[in-house]
Amino acid sequence: MRWNLRLTAASKGVWKASDLQRSLAEHGLVISAGKMSGLWSGQPVSLKLDDLDVICVVLGCDIGDLLIPQPETVTRPGQDTVQQAAVGSSSTVVPKRRDGRSLPPA
């Protein structure tokens, strides 16, 4: 999942984390400056569902606006890691042994 708070807030006319923090507090969700900074500029490690409800109410958005699915990042059974890495990047992937040394040429 990708956290999309900043873009969602901007689309609703909220440009500063402090403005959102103030609005959240008015709705009963008091967030410290440090946690607000993490929510605004990063990807939260954890977030209560009740807090998500308040954020959605304040921004007038749906949960799908805040959380963007990224199914391409999920490892599927039978899919090797070299193949998965090649899908997400345009650079050449060179397989290596577990100890970090390069494999001998085939």
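Where a number appears in this text, it was derived from the coordinates with a stated rule and is not lab data. All values derive from a computational prediction rather than experimental measurement. Neighbour counts are summed over all protein chains in view; Cβ atoms, including those assigned to glycine, are modelled from backbone coordinates with ideal geometry.
Odds and ends about this structure:
- Here each label is just a point 7 Å from Cα along the line to Cβ, and for Asp19 and Val45 those points are 3.0 nm apart.
- Net charge, Trp40 excluded, C-beta distance under 11 Å - Lys, Arg +1, Asp, Glu -1: +2
- 3J(HN,Hα) couplings calculated from phi for the range 62-73 with the Karplus curve 6.51 cos²θ - 1.76 cosθ + 1.60 (θ = phi - 60°) are, in sequence order, 9, 4, x, 7, 8, 10, 9, x, 10, x, 5, 8 Hz; Gly and Pro show x.
- Using R0 = 25 Å, the C-beta based FRET efficiency linking Ser11 and Leu52 works out to 0.90.
- Rg/Rh for the range 1-67 (Cα atoms only, Rh after Kirkwood) is 0.89.
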